[in-house]
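Undergrad: Take a look at this one; I'll ask things after.
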Amino acid sequence: MRDTITLRVKRSESGGFDTFEVPVQKWTTVLECILYAKHYMDTSIAVRYSCRQATCGSCGMRINGRPALACFTKVSELDSDTITVEPMSNFPIIRDLAVRFDRLFENHHRIRPYLEPGDADDKREHLQSPAELDRYIQFANCIKCGLCNSACPTMATDTTFVGPQALAQAYRYVADSRDTGKDKRLSIIDDSHGIWRCHFAGSCSQVCPKGVDPAMGIQLLRGYMLGFRG
Amino acid sequence: MRESHIMKIHYGTALAAVGLVAVHILMRMADGYAESLEFANVVANYQFLPYAGLLEIMLILLSVHGFNGLRVILLELRQGPSYEKAVSYGCVAAMIGLIAYGTRTIVMVNVGMI
Ligand code: SF4
Ligand code: FES
């Protein structure tokens, strides 16, 4: 492995790429390369990040053309001396690598992402068996990074599509045995820009850094809507 | 109509059409594939009511499925209330038009106009 790489950063003002030579080691992440360039070469690079450990979902971007978390992508695993970073597709750009999340969060809120217990006065503990937990726990790992929405081909043309992130979260709550809001959620996503506009490209699941598998969640959700699941 | 009802019809028409088109192709092959599009043969087929019924059902299934598919593609291309209304009503009108035109051919053969 070389001890420097060429980092190409997409700049929103010029529309082109700025190039930086950045020193790397075996464990250097793409986010560290960007921050090195920002601290020592060009402080005007706009990038969003926080946790640096694939937990906050802030640092999503296209790395060598593929949506990924910059803090969770090591330079060594890219197998390339040149790393190109661009803002996520299907999101409005604020500046350089930072994008707006309004649409993602609006759609997330729309599907009512919280448990709706049947009896609000019932103060007893809601017990759940391991099998009941298994039905949705994988989908509860979503960190709202938006990589799935960025990879989704329907999101690219349909500006009102609810998107794989929100659909996977709709499944997460619909499949939870403690929840009683299933019918409301299913009717929210049952519109002309809802769940039926997913064509099962599967790219959302390919890029998800948390193994959520939104494409599977969408198919399971369709099972409810087609009457295969109770 | 709810989108899930429309999509159930979409999937149902696709499955039914696959079955009926298979029957249709098998019948054509049993008949002698090369001559199947000769004028006299086509007219005879339309006059054989069970087969004409099969063709009519296929026409309805494929029109419903095809025009709903077109509606979905157009809705994904552009968005906006008036555009979406125009696409939905336009596709229903085109579907009815195509079914009416195909039915007219079968009727004309059977009342002796062709
Ligand atoms: S489903 Fe995966 S890719 Fe999509 S927002 Fe959640 S964590 Fe990110
Ligand atoms: S900085 Fe938090 S996920 Fe990358």
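Undergrad: Could you grab me the full set of residues in the range A:138-174 that are basic (Lys, Arg) and away from ligand 2 (no atom under 16 Å from the Cβ)?
TA: A:Arg172
Undergrad: For the range A:95-117, check the following and say yes or no: at least one residue is among the β-branched types (Val, Ile, Thr) and either more than 16 Å from ligand 2 (Cβ to nearest atom) or over 22 Å from the mean Cα position of the chain (by Cα) (or both).
TA: Yes.
Undergrad: For the range A:49-94, enumerate the residues that are away from ligand 2 (no atom under 15 Å from the Cβ), hydroxyl-bearing (Ser, Thr, Tyr) and touching a helix residue (DSSP H, G or I) at 6+ places or on another chain (Cβ under 9 Å).
TA: The answer is A:Ser89, and nothing else.
Undergrad: If I go through the range A:175-217 residue by residue, how many of them are touching a Gly at 6+ places or on another chain (Cβ under 8 Å) and within 14 Å of chain B (Cβ to nearest Cβ)?
TA: 1
Only the coordinates and a few stated rules stand behind these numbers; no lab work does. Source: prediction; values computed, not measured. Backbone-built Cβ (ideal geometry, glycine too); neighbour counts: all protein chains shown.
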